[in-house]
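All of the numbers you see were taken from the coordinates with simple rules; none came from a lab. Small disclaimer: the values here were computed from a predicted structure and weren't measured. Counting neighbours? That spans all protein chains shown, and the Cβs are built from the backbone with ideal geometry, glycine included.
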Amino acid sequence: MNEKMYEIMKNKKGFIAALDQSGGSSSKTLKNYGIDEKEYNSDEEMFRLIHEMRKRVFTSKSFTNEHIIGAILFEKTMLSKVNDEFTADYLWNEKGIVSFLKVDKGLAEEANGVKLMKEIPELDQELQEAKEKHVFGTKMRSVIYEANTEGIQAIVKQQFAFAKRICEAGLVPIIEPEVDIHAPEKEKCEEILKEEIKKQLATWNVQDKIMFKFTIPTVPDHYLDLYDYDCVVRIVALSGGYDVDEAVALLAKNHKMIASFSRALLQDLNVHQTQEEFDSKLQEAIKKIYEASIS
């Protein structure tokens, strides 16, 4: 593990930019950015356009380590270049920003009120590739819709099983069991989730460092006591479909929880903006998210 990256991730003020939209959400992201589906004819063209969008974000003068400590990348982004360097190298060498790789392959069908992750058949090769590309950690998402103990247990068990393999490969996993913001018993889901996580942490090897990415909890500071476990590096929040103002207002109520926002970060950016307009809109979002992350 890169000690300098670890130090930043553990202690530096700032937040993580989630720029890991995959095949499923890319067309939606492009539409919000002002590029209609009619403007591309294949997945390849779609990914090229989304890489151009991400590149514009990464190279913007507003995107700096003054406010941003990490970025979550989609695999194609990791394997692509920004200004002649692989993306993670560009972010680290030019910006001092740490990279994570999204490793999950999407969600399985809903069962017991949750969606587990699909299997990740190429995980070992991807982890090897990530290490070679100087990526610090990974991220993997599953979703909880109902306060179903059996379903939530299965999610936590699966997340920790993958996390163990990722730690063994020398990377730091971000475990992301998202609770849907529209879940009818959201608070109850979060109670069961934390209880199940604590069961796993009770026997977890303290040397295997992990992070968590949670939906902003209904009860502020609900996850704060997970910092009592020495293996926990950082706890971050997803925006979960809230717009940026609502997301930052909710996040600000939680101590030591920093943002890892995607939609809320990108929502006001548009392909037709001048560079000056683009930088300015990005800066506005970054400042709001940063303030909520350090409050």
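Observations
- Sorting the segments 267-277, 176-186 by their residues' average number of neighbouring beta-carbon atoms within 10 angstrom, most packed first, yields 176-186, 267-277.
- Annotation: aspartates and glutamates with alpha-carbon distance below 19 angstrom to Lys12 (same-chain offsets under eight excluded): Glu3, Glu66, Glu94, Asp228, Asp230, Glu291.
- Under 5 Å from the amide H of Met117 lie the amide H atoms of Ala108, each residue being 5 or more positions distant or on a separate chain, with H modelled from the backbone and absent for Pro and chain starts.
- Projecting label points 7 angstrom from Cα along Cα→Cβ for Val271 and Glu109 puts them 3.6 nm apart.
- For the chain, the longest principal axis of the Cα atoms and the long axis of helix 186-201 meet at an angle of about 70 degrees.
- Acute angle (nearest 10 degrees) that the helix 23-32 long axis makes with the longest principal axis of the chain, alpha-carbon atoms: 50
- For Phe15, nonlocal amide neighbours, meaning residues 5 or more places apart or on other chains whose placed amide H falls under 5 Å from its own, are Ile68, Ile69, Gly70.
- Projected label points at Lys118 and Glu132, each 7 Å from Cα along the beta carbon direction, are separated by 2.4 nanometres.
- Backbone geometry of region 108-113 corresponds, through the Karplus equation with coefficients 6.51, -1.76 and 1.60 at θ = phi - 60°, to 3J(HN,Hα) couplings of 7, 5, 5, 8, 6, x Hz, x marking Gly and Pro.
- Distant-in-sequence amide contacts of Thr215, defined by a placed amide H-H separation under 5 Å and a gap of 5 or more residues or a different chain, comprise Val179, Leu238.
- Candidates Glu122, Glu190, Glu146, ranked by Gaussian network fluctuation over the chain, Cα under 10 Å, top entry: Glu122
- Helix 123-132 and the long axis of the chain differ in direction by around 50°, with both axes built from C-alpha atoms.
- Placing a pseudo-label 7 Å from each Cα along the Cα-to-Cβ vector at Ser25 and Glu150 gives an inter-label distance of 2.9 nm.
- Ranked for footprinting exposure by Cβ neighbours inside 10 Å, fewest first, Arg48, Arg234 give Arg48, Arg234.
- Estimated 222 nm signal from helices in the chain, with DSSP H stretches of n ≥ 4 weighted -39500 (n - 2.57), rounded to 500: -12500 deg cm²/dmol
- Cα-centred dipole magnitude for the chain, charges only on beta-carbon of K, R (+1) and D, E (-1), debye, nearest 20: 540
- Listed values for region 145-160 are Karplus-derived 3J(HN,Hα) couplings in whole Hz (6.51 cos²θ - 1.76 cosθ + 1.60, θ = phi - 60°), namely 10, 9, 7, 9, 4, 4, x, 5, 4, 5, 4, 5, 4, 5, 4, 6, and x replaces Gly and Pro.
- Pairwise FRET efficiency - Lys38 versus Lys10, Cβ, R0 = 41 Å, nearest 0.05: 0.35
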